[in-house]
Amino acid sequence: MRLLVDPEIFFYSRCGMVRYYSMLAQQLREAGMEVTIPLYLSKSDFIDGRFQKIYHFIFNRSRNFIVNRVNRLSKKWYYKCIEENDFDVLMITSPVFEDVFLQYLDSNKPFIMVVHDTMRCVLGPDGLYDPAGANADRLAFLARRATKVICISNKTKKDLLKLTSINEEKITVIHTGNLLNLSIEASPVDKLPERYLLFVGDRTGRKNFRFFIRAISGWLEKQEKLFVVCTGSSTKWEQDLLKSLHIEGKVLFVEAPDYVLVHLYKNAIALVYPSLYEGFGLPVLEAMSLGCPVVTSEMEALMEVGGDAVMYIDPYSESSILKGVQSIVENQETALVLKSKGLSRAEQLTIQRMVHSFKQEILACVE
């Protein structure tokens with residue numbers, strides 16, 4: 001079985017979707033599938049392109065210009081591979097759902113796509129929208145034409161059916177397995193506080209960071225030895241927000257490659273993930289698999305991941321967020337129960353199960 005993979009997702013730097021497709025391609029190869037990715041340069045450490053060795057020798061000042069030019073060459077290579085027709089199934093990965101590939105694709109060739117979420121617009125509790133733009137329309141356009149559509153949760157499947165009205169038989173739900181390498185040697189972080197709550201990933205829009213930090217700010221200020229640790233660097237706007245809440249010294253920002261992220265999960269009091277909308281919620285699974293208790297939103301997709309192994313809160317309620325956080329910070333027994341349940345729950349969502357199901361769907365495309 002020969003699978004051709006759109007290289008576009010690998011033009012993006014380290015993020016959940018890049019990790020997803022990198023791991024999927026690797027595991028499918030190990031499962032005996034011939035996987036071709038027409039890629040010259042990758043911007044993440046999850047996967048390498050053909051010319052990856054030169055990436056580190058490009059001066060920072062000119063890197064973006066050169067990489068953008070090389071990315072266009074990768075796309076041309078990809079379209080040429082489609083025209084040559086030397087594959088059995090095409091898998092698209094474009095996060096903005098570009099459809100130029102249809103101009104080159106033989107109408108008899110199947111293509112498969114993964115829907116991570118349906119780009120829904122949500123109204124935050126602070127009254128600000130998280131807009132999806134035209135991406136939802138482009139997603140629907142391609143989903144109607146795909147041979148197979150994989151949704152990463154039942155919630156995403158429901159949303160996709162509402163958006164597209166496509167035949168439900170075309171859709172298969174395959175829950176994402178844990179993509180984080182749990183066996184990697186964790187690396188301690190300099191000056192990491194002993195007691196901290198962890199906030200992982202993007203902090204804009206639907207991730208609800210602003211509302212979360214406001215909800216706990218008054219209480220956090222009074223907790224002498226408790227901090228919040230966020231992954232990634234901060235912005236001047238975030239620092240200004242924290243200063244206005246008088247907690248600028250209580251919120252720390254840490255760059256978190258995998259070996260650091262594993263350490264952060266293992267040593268946190270809890271992961272706080274108060275998202276307003278998710279297609280799945282991978283950090284919840286990552287945290288559970290490493291014995292980190294989780295406080296997260298009572299939303300359908302997150303409940304599919306967490307089951308009865310996490311603490312649920314209403315992400316639109318300051319009092320609910322604060323109460324959920326306090327219940328773990330101030331009650332060690334609650335934290336221990338969630339840790340035990342989380343470890344058991346994580347064993348049900350493995351990468352092996354995900355890849356096996358994915359391979360079956362790819363094979364079904366050519367039957």
About the Cα centre of the chain, what is the dipole size in debye to 20, counting +1 per Lys and Arg Cβ and -1 per Asp and Glu Cβ, all else neutral?
720
Suppose we keep just the alpha-carbon trace of segment 77-201; what are its Rg and Dmax in angstrom?
19.2, 59
Note the per residue figure in Å³ for the convex hull of the C-alpha positions in the chain.
145
To the nearest 20 debye, what charge dipole does segment 229-290 have about its Cα centre, counting +1 at the Cβ of each Lys and Arg and -1 at the Cβ of each Asp and Glu?
180
Straight-line reach from K339: which lysines have Cα under 16 Å away, leaving out those fewer than 8 places along the same chain?
K266
Length-normalised contact order of the chain in % [C-alpha pairs under 8 Å, at least 6 apart]:
15
For W219, W237, order by how many other beta-carbon atoms lie within 10 Å, fewest first:
W237, W219
Give me the angle, in degrees from 0 to 90, between the Cα long axis of helix 209-222 and the longest principal axis of the Cα atoms of the chain, rounded to the nearest 10.
20
E169 to Q239: extension gain in nm, 0.36 nm per residue of separation minus the Cα-Cα distance?
20.4 nm
Compute log10 of I(q)/I(0) for segment 195-346 with the Debye formula, placing one identical point scatterer on every Cα and leaving out solvent, at q = 0.09, 0.11, 0.18, 0.19 Å⁻¹, to two decimals.
-0.24, -0.36, -1.05, -1.19
Debye, to nearest 20: dipole size of segment 195-346, +1 on Lys, Arg Cβ, -1 on Asp, Glu Cβ
320
Beta bridges by DSSP in the chain, antiparallel share as percent, to the nearest 5
5
Net charge near E367 (other residues with Cβ under 12 Å of its Cβ; Lys, Arg +1; Asp, Glu -1) is -1
Choice from A143, A256, A287 showing the highest fluctuation, given a GNM over the chain with Cα pairs closer than 10 Å:
A256
In a Gaussian network model over the chain where Cα atoms closer than 10 Å are linked, find which of K191, K75, K148 has the largest mean-square fluctuation.
K191
Would you please give the residues with an amide H less than 5 Å from that of I313, counting only those at least 5 places away or on a separate chain, with H modeled from the backbone geometry?
T296, S297, E298
Measuring from label point to label point, each 7 Å out along Cα→Cβ, what is the Y316 to M1 span in nm?
4.2
Anisotropy class of segment 191-279 from Cα gyration tensor, a/c 1.5 cut
rounded
Would you be so kind as to identify which of V200, L180, L163 lies farthest towards the positive end of the dipole of segment 162-240, taking Lys and Arg as +1 and Asp and Glu as -1 on Cβ and the Cα centre as origin?
L163
Among S22, S319, what is the fewest-to-most ranking by other Cβ atoms within 10 Å?
S319, S22
Which one of T93, L123, M113 has its Cα pushed farthest toward the positive end of the charge dipole of segment 44-149, where Lys and Arg give +1 and Asp and Glu give -1 at the Cβ?
T93
Provide the per-residue ³J(HN,Hα) series for segment 187-195, in order, calculated from phi with Karplus coefficients 6.51, -1.76, 1.60 and θ = phi - 60°, each as a whole number of Hz, with x at glycine and proline positions.
10, x, 9, 4, 6, 6, x, 6, 10
Residues of segment 193-223 with amide N under 14 Å of the 7 Å Cα→Cβ point at R120:
206-207
Could you tell me the center-to-center distance, by alpha carbons, between segment 302-351 and segment 144-220 in angstrom?
15
What relative contact order, as a whole-number percentage, does segment 195-346 give when Cα pairs under 8 Å and 6 or more residues apart are counted?
24
Work through the residues other than S13 whose Cβ is under 10 Å from its Cβ and net out their charges, Lys, Arg +1 and Asp, Glu -1.
+1
Just check segment 308-367 against the gyration tensor rule for me: Cα atoms, a ≥ b ≥ c as the square roots of the eigenvalues, rounded for a/c under 1.5, and otherwise prolate or oblate depending on whether a/b exceeds b/c.
oblate
Net charge near V173: determine it from the other residues with C-beta under 14 Å of the C-beta of V173, scoring Lys and Arg +1 and Asp and Glu -1.
-1
What is the order of K76, K158, fewest Cβ neighbours within 10 Å to most?
K76, K158
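The numbers here are math on the coordinates, done by the rules we state, and not lab data. Since we're looking at a predicted model, the values are computed, not measured. When we count neighbours, we look across all protein chains shown, and the Cβ atoms used for this are built from the backbone with ideal geometry, even at glycine.
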